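The values are calculated or read from the model by the stated rules, or taken from the named source; none is laboratory data. Please read these numbers as outputs of a predicted model, since none were measured by experiment. Counting neighbours? That spans all protein chains shown, and the Cβs are built from the backbone with ideal geometry, glycine included.
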Amino acid sequence: MAMAAREDGQVMSELNTTPLIDVMLVLLIMFIITIPVQTHSVPIDLPVSPPEVVVDRERNKLVIDRAGATYWNGSSISAEELAGVLHQVGAMPRQPELQFQPDADARYDRVGAVLALIKRANISTMGMIGNERYAQF
């Protein structure tokens, strides 16, 4: 603790916190270094082939929930699988209707990425469903 005098003659006491912060940072680094590394593993049997994605000839529903998960006709689908399915639908001579329903709280970048996939797959018959819930505003 440093004791200093002000210009008016009164004693001013200030606590020098720099050494305390230095000690705290050194202790934090020491704790981080001494944490044991997690090296255990859990064996998991993964399926050999992915499940078949069903494409309806009349209409398909593509949903994005608020967490960003994508669902094709009710079953979860990854971005790579979705791109393949959309290209398969886009190559059909008579394309089925694609009903796109993003959640209101879904991230815009995720919805935009899926819309870009739809555009790249040359989907010509697409409709946005679920917009009637915004008509009250």
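Among the residues making up the stretch 40-70, those that are among the charged types (D, E, K, R), within 26 Å of the chain's Cα centre (by Cα) and modelled with pLDDT of 70 or more are Asp45, Lys61, Asp65, Arg66.
Can you say whether Ala116 is touching a strand residue (DSSP E or B) at 6+ places or on another chain (Cβ under 7 Å) and either over 22 Å from Arg57 (Cβ atoms) or charged (D, E, K, R) (or both), as far as the supplied structure shows? When the stated conditions are applied, Ala116 does not pass them.
Can you name every residue in the stretch 98-124 that is hydroxyl-bearing (Ser, Thr, Tyr) and surrounded by 13 or more Cβ atoms within 10 Å (Cβ to Cβ)? Residues satisfying the conditions do not exist here. As for the stretch 75-93, it holds no residue that is surrounded by fewer than 16 Cβ atoms within 10 Å (Cβ to Cβ), part of a strand (DSSP E or B) and either touching a strand residue (DSSP E or B) at 6+ places or on another chain (Cβ under 6 Å) or among the β-branched types (Val, Ile, Thr) (or both). In this structure, is Gln99 part of a loop (DSSP other than H, G, I, E, B) and in contact (Cβ under 8 Å) with a residue 24 or more places away in the chain? It is false that Gln99 is part of a loop (DSSP other than H, G, I, E, B) and in contact (Cβ under 8 Å) with a residue 24 or more places away in the chain.
Scanning the stretch 72-91 finds no residues that are modelled with pLDDT of 90 or more, under 13 Å from Val55 (Cα atoms) and hydroxyl-bearing (Ser, Thr, Tyr). Selection of the stretch 102-112 for residues being farther than 21 Å from Gly74 by Cβ and either over 19 Å from the mean Cα position of the chain (by Cα) or in contact (Cβ under 8 Å) with a residue 12 or more places away in the chain (or both) yields only Arg107.
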